[in-house]
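See below for the structure under consideration.
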Amino acid sequence: MLVYNNSMVGQRIIQEKYSALSDILDERGRRIWAAVEARSLQHGGISKVAKATGLSRTTIHVGFKELESGKSSVPSAGRIRQKGGGRKPLTHHAPDIIKALDALVEPTTRGDPESPLRWTCKSTRNLAKELQQQGYRIGDRKVADLLHDMGYSLQANAKTIEGSQHPDRNAQFEYINARTKAFQRRNQPVISVDTKKKELVGNFKNNGREWQPQGAPQETNVHDFQDKELGKVIPYGVYDVA
């Protein structure tokens with residue numbers, strides 16, 4: 001091993017060595033190499049190697065311990081770290097975070113109808129902010145990972161609940177049908193009025209489609225703000241079904 005006299009030149013040489021070896025060595029190999037390099041520099045070697053490679057001083061100290069302990073610290077075949085080594089998952093340090101997150105996502109069914117997110121967008125950013133206020137150290141990306149692990153996914157709401165029907169609903173339609181047939185037999189008019197929801201009047205986008213030259217769709221307003229002069233209309237139709 002070389003003992004460097006010029007600190008600037010020495011640091012550059014360490015950087016070149018590390019760049020050449022970092023893609024070849026695994027995590028354990030890099031920290032052991034860093035420890036060997038630091039040992040060759042003697043006084044201040046750990047600080048110099050840490051500055052040149054970007055490895056933390058703690059990592060290099062671990063490399064020293066592995067060198068001193070010898071083969072007893074070598075992981076089993078196929079492993080880089082000792083069993084149980086590495087950063088523990090968030091759920092290890094905060095095992096109740098899953099329950100806290102679940103309560104925020106579905107407050108009405110998890111016993112917390114006064115949740116501050118009940119009437120706000122349940123984005124991962126908002127969920128992370130609320131969990132942080134509860135004392136958890138978590139970011140929005142980790143919230144997304146946890147939600148995925150919990151079986152959640154981004155979904156739009158769906159119109160599937162019709163609501164309860166009036167007990168006389170069928171009888172009402174039978175009565176209307178009978179009266180319609182009676183009027184038709186007498187050649188009397190039977191009027192049907194059909195109305196739709198209110199619509200903005202003006203050059204606004206709608207969900208329909210029509211044939212246009214390719215690449216030349218009809219241009220409409222970007223924002224659907226009501227025109228004060230044109231206002232809204234209620235489309236309706238009056239039909240004589242007789």
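Every number here is computed from the coordinates shown, using simple stated rules; none is lab data. Everything quoted here is computed from the prediction, not taken from an experiment. For neighbour counting, all protein chains shown are included, and Cβ atoms are generated from backbone atoms with ideal geometry for every residue, glycine included.
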**Message:** If packing is taken as the average count of other Cβ atoms within 10 Å, what order do 32-39, 96-103, 227-234 fall into, highest mean first?
**Reply:** 32-39, 96-103, 227-234
**Message:** When a/c reaches 1.5 or more, the comparison of a/b and b/c decides; with that in mind, is segment 7-73 rounded, prolate or oblate per its Cα gyration tensor?
**Reply:** oblate
**Request:** Starting from the Cα of Val105, step 7 Å along the direction of its Cβ; do the same at Lys196; then give the gap between the two resulting points in nm.
**Result:** 3.9 nm
**Asked** Over 24 Å between Cα atoms, which of Lys17/Lys65; Lys51/Lys142; Lys51/Lys129; Lys65/Lys142; Lys205/Lys228 qualify?
**Response** Lys51/Lys142; Lys51/Lys129; Lys65/Lys142
**Complete:** Along segment 40-48, Karplus-curve 3J(HN,Hα) (6.51, -1.76, 1.60; θ = phi - 60°) to the nearest Hz, with x for Gly and Pro, reads 5, 7, 6, 5, x, x, 4, 5, 5
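Give me the dipole magnitude in Debye, nearest 20, for segment 7-73 about the Cα centre, with unit charges on the beta carbon: positive for Lys and Arg, negative for Asp and Glu.
With only Lys, Arg, Asp and Glu charged at Cβ, the dipole is about 180 debye.
Quick one: which of 44-55, 182-193 comes out on top by average Cβ neighbours within 10 Å, and what's the full order, highest first?
Descending packing order for the listed peptides: 44-55, 182-193.
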**Request:** May I ask you to compute the full-extension gain from Ile98 to Asp23, defined as 0.36 nm times their residue separation minus their alpha-carbon distance, rounded to one decimal in nm?
**Result:** 23.3 nm
**Asked** How much net charge surrounds Ser192 when only other residues with a Cβ under 13 Å from its Cβ are counted (Lys, Arg +1; Asp, Glu -1)?
**Response** -1
